[in-house]
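Notes follow once the structure below has been shown.
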Amino acid sequence: MNVPRLHPDTIEQVKQRLDIVDIVSEHVVLKKQGKDFVGLCPFHDDKSPSFSVSPSKQFYYCFSCGAGGNAIKFLMELGKRSFSEVVLDLAKRYQVAVQTLEPEQRQELQRQLSVREQLYEILALTARFYEHALNQSQGKAALEYLQNDRHLNQATIQQFQLGYAPGGWETLYGYLVEQKHYPVALVEQAGLIVPRKTGDGYYDRFRDRLMIPILDLQGRVIAFGGRTLSDEQPKYLNSPETELFDKGNTLYGLDKARATIAKQDQAVVVEGYFDVIALHAGKITNAVASLGTALSIGQAKQLFKYTDSNRVIFNLDADRAGVQAVEQAVGKVVSLAYQGEMQLRVLSIPDGKDPDDFLKAHSAASYQDLLDDAPLLVDWQIQQALVGKDLKQSDQFQLVVVEMVTLLGNLPNPTIRTHYIHRCAELLSQGNSRMLQQIEEDLRLQVRGQRWHGRSQKWQTPGERTLLEESEALLLRLYLHSPSHRGVIVEALEAQDLEFSLSHHRFLWRQILDVERSDQGQQSLDLLSLLRDRCTDFPREMTQVYALFELNEKTERDILRAELGIRSAAAAIEEVMCEKRRRHFLDLWKTTDLVINAELGHHYQQKWQSEVKRIQELRHQREVNFLDLVNVPIVGES
């Protein structure tokens, strides 16, 4: 968006409306300290609260990194945006009339502002339309459902703006388009109507459904969830993603829950709208919902803004049981828990109840007790591995061992891994102190096999060494000479947990990362000269990689085909790793007594076969990349 020059009156009105605590607290967890507030600085890796916000001065300052300024500068620095962009967003937020210094730009500006503002207006009006319909004769069944089945009182119904979408195909369409005269394109853009496949009109997306508005952090309606009152499928229907609604980064109820989340330093995540509503009605007001999808990294990071400990309790739905269901429900957030970046706890209510059902028969205090006792994810997973198993039966004992080894192998932190290996050994030994030490040692050896990443040269062939040398060198050369592709290279390495295997390449990569950390203010093209300066400090090591600092005719061609080269090199490195792992697991399988340890043997066989399948995929990918490299012309060639 080409942001115009704003009139001084607009800027001044925005400044007068601002509250720096309100602005900063959306991005930083603030704690009251005397007249001011303190928190972790968002501009550097702050370990202890050094970031101070003064309401009286409307000013922030970090005593560690020196960052400081007013609310506008805070948003500029945080989002890397211009002054005018930030002020323009704040003007929309606080409903300040926008004036510009260039009259010819006003019409375009008003058009751009008008689209989003009209979408907010349409959705707000729709929410009121649904609320009104709930209290009419047509909404009687929906209202009775809320009062009798969900046990909600009128205050809670109003607090969450619950409503009813009438059953007609064009009821809302007629109200918004024909009666209120909103452009049909905008109503469709808001996700409220759907074009007919025949191309002759539109119909309402939500019909004969109980309606739950989804609000943003400013309390504005951005979407809806609709629950069927009949046997119609799906049971719950959400708005599609729109300019205002990003499902993967939205948490239902966060607008109402964030203050309590910050106060209690923990969030409760449930899966259903009515679980959130029931919990809030029961005074458990730090509850949010993930909109029926797996909890995303983006949603988790939203919660982290309001908690110091990153403590999140996930309340599993009653109809979803077992370790696999939990891992699916919390999605990629599992990796954050395993890495120790968040305290992810799991609450599975006894007797298979949802929070909503539980609160109909028990007090909110009883639910709070369950929250307080909720185990960490790994502890819960270990408990689940033991459910229904008789450890005196050798086959069931071995099955539990395999589950535990798989789980423990996913823990990247050695200290945490050691703690849980000992814990599992205690459970498996069942109080037999003589068995405890042997079981713990066996677990440690099996976990070591589970975590083996193919980095030992023991399983490597000379040909693979050559392939690694060429592929790793290509990635490093591209990183040095093509700054625009550095992010792509990092993503390619992180996507498959790849690293540089050869010692001289690992050395250069460490130097690159060290230079980038210590010289953040330098332009990206200075990386080569900064690395050359280190040759005097590490003459022997730098001699082995100095050839990568220069380009010849062939390597210049590699730069011009960088993206294909990155894909091909990453696939080659991963293929070598997979080949080594395949040989490793095949050797473990061959040396395992399949009569005594049938489950373990089956586990190694699955690992071996999984590597074979991945190798085939990577070889196909490399063949496709090779054909692309051959056929794609270089810019400038005739």
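For S568, state whether it is of a type in the set (S, T, Y), modelled with pLDDT of 80 or more, in a helix (DSSP H, G or I) and closer than 20 Å to V447 by Cα. No.
Tally time: how many residues in the stretch 342-396 are under 25 Å from the mean Cα position of the chain (by Cα), over 16 Å from Q266 (Cα atoms) and of a type in the set (A, V, I, L, M)? Of the residues in the stretch 342-396, 2 are under 25 Å from the mean Cα position of the chain (by Cα), over 16 Å from Q266 (Cα atoms) and of a type in the set (A, V, I, L, M). Under the condition of being farther than 20 Å from N432 by Cβ and either part of a loop (DSSP other than H, G, I, E, B) or of a type in the set (G, A, S) (or both), the residues counted in the stretch 374-397 number 4. Checking V21, V14, V28 one by one, the residue that is buried (at least 16 other Cβ atoms within 10 Å of the Cβ) and assigned to a loop (DSSP other than H, G, I, E, B) is V28 and no other. Among the strands (runs of 3 or more DSSP E) confined to the stretch 132-210, there are none with at least 3 residues that are surrounded by fewer than 19 Cβ atoms within 10 Å (Cβ to Cβ) and not assigned by TED's automatic domain parsing to the domain that holds E232.
For the stretch 268-316, taking the residues that are among the acidic types (D, E) and surrounded by 20 or more Cβ atoms within 10 Å (Cβ to Cβ), the one that is farthest from Q384 (Cα to Cα) is identified as D275. Residues of the stretch 251-264 include at least one that is surrounded by 22 or more Cβ atoms within 10 Å (Cβ to Cβ) and on the phi > 0 side of the Ramachandran plot.
Tell me which residues, restricted to the stretch 426-440, are without any contact (Cβ under 8 Å) to a residue 40 or more places away in the chain and either part of a helix (DSSP H, G or I) or of a type in the set (A, V, I, L, M) (or both). Give the derivation first.
Just the residues of the stretch 426-440 that are without any contact (Cβ under 8 Å) to a residue 40 or more places away in the chain, to begin with: 426, 428-440.
Within the stretch 426-440, E426, L428, S429, S433, R434, M435, L436, Q437, Q438, I439, E440 qualify.
Looking at D351, D357 in this structure, which one is farther than 30 Å from N413 by Cα and in contact (Cβ under 8 Å) with a residue 12 or more places away in the chain? On inspection, the qualifying residue turns out to be D357. You will find that of V624, V576, the residue that is assigned by TED's automatic domain parsing to the domain that holds A473, under 18 Å from T461 (Cβ atoms) and out of contact with any Pro (no Cβ under 8 Å at 6 or more places or on another chain) is V576 and no other. E77 meets each of the listed conditions (1) closer than 24 Å to I261 by Cβ; (2) outside any strand (DSSP E or B); (3) in contact (Cβ under 8 Å) with a residue 24 or more places away in the chain apart from (1). Every listed requirement among (1) in a loop (DSSP other than H, G, I, E, B); (2) modelled with pLDDT of 90 or more; (3) over 21 Å from N135 (Cα atoms) is met by L217 save one, (2). Exactly one of these conditions fails for R116: (1) at pLDDT below 85; (2) not assigned by TED's automatic domain parsing to the domain that holds T171; (3) not aromatic (F, W, Y). Give me its number. Among (1) at pLDDT below 85; (2) not assigned by TED's automatic domain parsing to the domain that holds T171; (3) not aromatic (F, W, Y), the lone unmet condition for R116 is (2).
For every residue, the table says whether it meets (1) free of Cβ contacts under 8 Å to residues at least 24 places away in the same chain; (2) surrounded by 15 or more Cβ atoms within 10 Å (Cβ to Cβ); (3) under 23 Å from L347 (Cβ atoms); (4) of a type in the set (K, R).
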{"position": "Q384", "(1), (2), (3), (4)": "no, yes, yes, no"}
{"position": "G409", "(1), (2), (3), (4)": "no, yes, no, no"}
{"position": "T415", "(1), (2), (3), (4)": "yes, no, no, no"}
{"position": "Y420", "(1), (2), (3), (4)": "no, yes, yes, no"}
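Just checking, which of L377, L407, L411 is under 16 Å from G340 (Cβ atoms) and touching a Phe, Trp or Tyr at 6+ places or on another chain (Cβ under 6 Å)?
Working: L377 fails: touching a Phe, Trp or Tyr at 6+ places or on another chain (Cβ under 6 Å); L407 fails: touching a Phe, Trp or Tyr at 6+ places or on another chain (Cβ under 6 Å).
L411 is the lone residue from the list that is under 16 Å from G340 (Cβ atoms) and touching a Phe, Trp or Tyr at 6+ places or on another chain (Cβ under 6 Å).
The values are calculated or read from the model by the stated rules, or taken from the named source; none is laboratory data. Keep in mind that this is a model prediction, so the values were computed, not measured. Neighbour counts run over all protein chains shown; Cβ positions are idealised from the backbone, glycine included.
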